[in-house]
1. Looking at the stretch 122-150 only, could you name the residues that are in a helix (DSSP H, G or I), touching a residue at least 24 places away in the same chain (Cβ under 8 Å) and out of contact with any strand residue (DSSP E or B) (no Cβ under 7 Å at 6 or more places or on another chain)?
2. Right, residue 143: within 24 Å of residue 78 (Cα to Cα), among the aliphatic types (A, V, I, L, M), in contact with a helix residue (DSSP H, G or I) (Cβ under 8 Å, 6 or more places away or on another chain) and surrounded by 14 or more Cβ atoms within 10 Å (Cβ to Cβ) or not?
3. So is residue 203 over 20 Å from residue 106 (Cβ atoms), within 20 Å of the chain's Cα centre (by Cα) and not basic (Lys, Arg) or not?
4. List, please: which pairs have Cβ atoms under 6 Å, are six or more places apart or on different chains, and start with a residue in the stretch 1-15 that is under 15 Å from residue 48 (Cα atoms) and of a type in the set (Lys, Arg) and end with one that is modelled with pLDDT under 95 and surrounded by 16 or more Cβ atoms within 10 Å (Cβ to Cβ)?
5. Scan the stretch 102-121 and give yes if some residue there is surrounded by fewer than 14 Cβ atoms within 10 Å (Cβ to Cβ), within 16 Å of the chain's Cα centre (by Cα) and assigned to a loop (DSSP other than H, G, I, E, B), otherwise no.
6. Confirm whether residue 166 is β-branched (Val, Ile, Thr), closer than 26 Å to residue 65 by Cα and under 22 Å from the mean Cα position of the chain (by Cα).
7. Just one of the numbered conditions (1) touching a residue at least 40 places away in the same chain (Cβ under 8 Å); (2) of a type in the set (Asp, Glu); (3) over 24 Å from residue 91 (Cα atoms) is not true of residue 212; which one?
8. Would you confirm whether or not the stretch 81-90 contains a residue that is within 30 Å of residue 1 (Cβ to Cβ), surrounded by fewer than 20 Cβ atoms within 10 Å (Cβ to Cβ), among the charged types (D, E, K, R) and modelled with pLDDT under 95?
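The values are calculated or read from the model by the stated rules, or taken from the named source; none is laboratory data. It should be emphasised that the depicted structure is a prediction, and the values quoted were computed from it without experimental measurement. Cβ coordinates were reconstructed from backbone atoms using ideal geometry, including for glycine residues, and neighbour counts include every protein chain displayed.
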Amino acid sequence: MALVDIRDLTIRFPVYGADQRSLKRQITGVVGGAIGRAGPAAPTLVEALHKLNLTLTPGDRLGLIGHNGAGKSTLLRTIAGVYAPDEGSILVEGKIASLLDPALGMDPFVTGLENIRLRGLLMGLTNHQIKERTEQIAEFTDLGPFLGLPIKTYSAGMIGRLAFAVSTSVDADILLMDEWMGVGDANFRLQAHNRLMGLFASSKIVVLASHDMTLIRDLCNKFIVLRSGRSSGVLTADELDRLDLSQS
């Protein structure tokens with residue numbers, strides 16, 4: 001069973017050592033969110049998400065729309081378990097593939113092969129599963145003997161290939177993506193696109209944040225527009241077409 005059930009979700013971030021009035025003038029309308037203090041000595045609080053409600057079940061492909069700072073990445077990270085609610089609740093059932101920071105957990109001082117294991121463990125794979133998948137991951141990277149070298153010797157493109165190959169090697173019920181990933185040369189980008197499409201199709205629930213409205217419309221069947229941490233509610237394609245997105 002795959003399920004994401006969110007009720008009145010509110011996420012706040014503390015900002016320490018900042019004057020509230022000065023901070024408000026600088027960020028209100030840029031990163032959005034309500035700003036306030038919990039007490040005389042408390043830090044300034046930025047409300048990244050405000051009383052968001054959402055239920056996703058198998059077959060749902062949700063597109064997150066909004067300017068930088070609207071709350072898209074915060075919502076994705078909350079579903080992934082990075083952030084806990086300050087108010088409200090979130091229930092997630094099913095295995096998650098989180099393509100939010102593909103290079104997370106990689107160590108520049110160890111080899112590419114060792115990083116496959118490190119990243120795999122971070123993604124929840126067992127040692128046995130990693131061993132089973134290492135050959136296929138290595139072949140997909142097309143890095144050959146470079147996999148035996150520390151990745152601090154790699155170019156940015158080589159690191160991107162390795163991170164992408166490991167991050168997309170999992171079987172997931174829920175796929176979380178912050179922008180569509182494109183790495184490497186033209187041939188590798190085609191392979192990467194095909195792999196992403198396969199992962200997209202096999203996942204029961206997908207949540208995709210992107211500024212590419214064509215991509216969002218092509219791949220998703222439900223939509224949320226976020227403005228300053230507040231949600232439009234879940235929209236259909238027809239409802240999205242009727243919405244003024246000029247301020248999103």
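1. 133, 136, 137, 138, 140, 141, 146
2. Criteria not met by residue 143.
3. Yes, satisfied.
4. 12/45; 12/47
5. yes
6. When the stated conditions are applied, residue 166 does not pass them.
7. Of (1) touching a residue at least 40 places away in the same chain (Cβ under 8 Å); (2) of a type in the set (Asp, Glu); (3) over 24 Å from residue 91 (Cα atoms), only one is false for residue 212: (1).
8. Within the stretch 81-90, none of the residues are within 30 Å of residue 1 (Cβ to Cβ), surrounded by fewer than 20 Cβ atoms within 10 Å (Cβ to Cβ), among the charged types (D, E, K, R) and modelled with pLDDT under 95.
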